Amino acid sequence: MNVQEAPKVAGSCERTLDEVKAELMRRAGRLNPFEDIRPEDAKQVMSELTSLDKDQWGNAWSKLGLAYEAKGDERAKAGAGGKELAELYMHGFDACRVGRYPSPVSPGKLAAYHHSLRIFRKAAKHFEPKLEVIEIPFEGKTLVGYLQLPPGVDKPPVVLHWGGVDGWKEDRLRITNEILHFGMASLTIDMPGSGENPVLYSDPAAERTYFAWMDYVLKRPEIDGARLGVWGGSFGAYWAARLAHVAKDRIKGAVFHGGNIHYGFQKEWLVPAFTTGGATYLFGAQSLLDARGRAMGTKTMEEFLEIAPRFSLLTMGLLDKPSAPLLGVNGKLDDQAPVADIYLLMEHGNPKSARVYADGHHMGRTPGQPADHIATTIVTWLKGQMR
């Protein structure tokens, strides 16, 4: 069981190569988002890096990931069992996933992402319960998600869940396992502007991608799509809060986990977040701007600051309208999403639930507390709403 620690913050907002190496080694095998990286593998890759060039970063991690993939392919030909193959391929996936981290904003990082996707699918063939790759048409494009069903449960409720600008559907296995453990089906997707989602965060069609998934679950006879929970994480949490208001009759419970609904979209919050904040980001605040900008479709901070306020649910006039049951979760010390947005939710509309971690950082991760405690709290709440 991993235990969270407070993020180490360098003297400046951007870390040097030596600081990045030290911070990654501190987190490798222990802390998000590098908890599945073997320390010896991290040491090997760090020894090869001579700069923080994005392509060099992506290529170095891809080299490690491809070596694991090749070993997995070799063992598959030799008739190795599924558990061994899944483990080898997941090591390959994790390495390439770190290669694209936090977002594939260069050719080398984009190549690492494509490698990670391919290798994950190889590993997923051996998952228990079975992982089904779902593709649905959407306005001339294709949306992709992963569905897993809890064994031995007849027509389980389903949780539709997604992450933010750096945690994509392949990265949510721990959360998926928690959902399955509580007897609910898991359908994990990429939020707009991330992963395989072809629609940008800022595209007017972004909201409709979620309605497409809500329509889809109603068509699956194995699950009870009318008992639907939604859970958005980090920068993707916004969409869960928005859906709770615009689709309140279709959702039994929505989880707003470490995100923004108003204050977090304002210049007064965003400028510090993009310049001196982002302590949980390995490279520093600039990479937070890069990742969010890629999702939003903006190139500069000025462009992002201009477009962001239009997403405010307060400005839209949604907050005083009825909503589905809504749970807000975050840490009071989060430097990426203000906890004030949870309080704002609770000050408007019908009553909401909340769990605020007084010493918690982004997503509520709290030094000295088990990393899986928050997910268990959230899934327990969702299970209760499904009844």
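Output the residues belonging to the range 87-116 that are buried (at least 19 other Cβ atoms within 10 Å of the Cβ) and more than 10 Å from residue 58 (Cβ to Cβ).
Result: 88, 89, 90, 91, 92, 93, 94, 95, 97, 102, 103, 116.
Is it the case that residue 54 is more than 23 Å from residue 334 (Cβ to Cβ), open to solvent by 70 Å² or more (accessible area, probe 1.4 Å) and either modelled with pLDDT of 95 or more or not charged (D, E, K, R) (or both)?
Yes; evaluated as a whole, the condition is true for this residue.
So in the range 316-349, with the set limited to residues that are open to solvent by 50 Å² or more (accessible area, probe 1.4 Å) and under 19 Å from residue 248 (Cα atoms), which one is nearest to the chain's Cα centre (by Cα)?
Filtering the range 316-349 for residues that are open to solvent by 50 Å² or more (accessible area, probe 1.4 Å) and under 19 Å from residue 248 (Cα atoms), the one nearest to the chain's Cα centre (by Cα) comes out as 325.
Name the single residue, out of those in the range 254-296 being closer than 15 Å to residue 334 by Cβ and among the β-branched types (Val, Ile, Thr), that is least open to solvent (accessible area, probe 1.4 Å).
Filtering the range 254-296 for residues that are closer than 15 Å to residue 334 by Cβ and among the β-branched types (Val, Ile, Thr), the one least open to solvent (accessible area, probe 1.4 Å) comes out as 261.
Filter the range 156-205 down to residues that are closer than 20 Å to residue 224 by Cβ, assigned to a loop (DSSP other than H, G, I, E, B) and open to solvent by less than 30 Å² (accessible area, probe 1.4 Å), then give me how many there are.
4
I need the full set of residues from the range 125-155 which are surrounded by 14 or more Cβ atoms within 10 Å (Cβ to Cβ) and among the β-branched types (Val, Ile, Thr), in order please.
Correct list: 134, 136, 144, 153.
Could you please give the count of residues in the range 105-121 that are outside any helix (DSSP H, G or I) and free of Cβ contacts under 8 Å to residues at least 60 places away in the same chain?
Residues in the range 105-121 being outside any helix (DSSP H, G or I) and free of Cβ contacts under 8 Å to residues at least 60 places away in the same chain: 1 in total.
Pairs needed: first member in the range 366-385, open to solvent by 50 Å² or more (accessible area, probe 1.4 Å) and assigned to a loop (DSSP other than H, G, I, E, B); second member anywhere, hydrophobic (A, V, I, L, M, F, W, C) and at pLDDT below 95; C-beta distance under 6 Å; at least 6 residues apart or different chains.
367/6
Give just the number: which of (1) open to solvent by 40 Å² or more (accessible area, probe 1.4 Å); (2) assigned to a helix (DSSP H, G or I); (3) more than 18 Å from residue 15 (Cβ to Cβ); (4) without any contact (Cβ under 8 Å) to a residue 40 or more places away in the chain does residue 79 not satisfy?
(2)
Just checking, does the range 353-363 include any residue being modelled with pLDDT of 95 or more, part of a loop (DSSP other than H, G, I, E, B), touching a helix residue (DSSP H, G or I) at 6+ places or on another chain (Cβ under 8 Å) and more than 23 Å from residue 176 (Cβ to Cβ)?
No, the range 353-363 contains no residue that is modelled with pLDDT of 95 or more, part of a loop (DSSP other than H, G, I, E, B), touching a helix residue (DSSP H, G or I) at 6+ places or on another chain (Cβ under 8 Å) and more than 23 Å from residue 176 (Cβ to Cβ).
Considering (1) open to solvent by 70 Å² or more (accessible area, probe 1.4 Å); (2) outside any helix (DSSP H, G or I); (3) at pLDDT 95 or above, say which one residue 30 fails and leave the rest.
(3)
Between a residue in the range 245-260 that is of a type in the set (D, E, K, R) and any residue that is outside any helix (DSSP H, G or I) and open to solvent by 10 Å² or more (accessible area, probe 1.4 Å), which pairs come within a Cβ distance under 6 Å, given they are 6 or more apart or on different chains?
Final answer for the pair search is 248/322; 248/323; 252/227.
Name every residue in the range 226-244 that is in contact (Cβ under 8 Å) with a residue 60 or more places away in the chain and open to solvent by 10 Å² or more (accessible area, probe 1.4 Å), in order of residue number.
227, 234, 242
Looking for something outside any helix (DSSP H, G or I), modelled with pLDDT of 95 or more and not acidic (Asp, Glu) - is there at least one such residue anywhere in the range 84-91?
no
Select, from 36, 73, 41, the only residue that is surrounded by fewer than 17 Cβ atoms within 10 Å (Cβ to Cβ), under 16 Å from residue 119 (Cβ atoms) and of a type in the set (Asp, Glu).
73
The values are calculated or read from the model by the stated rules, or taken from the named source; none is laboratory data. Only a predicted model underlies this, so the values are computations on that prediction, with no experimental measurement involved. All Cβ positions, glycine included, derive from the backbone under ideal geometry; neighbour counts span all protein chains shown. Accessible surface is based on the protein model in full, side chains and every heavy atom, while ligands, DNA and RNA are left aside. Shrake-Rupley method; radii C 1.70, N 1.55, O 1.52, S 1.80 Å.
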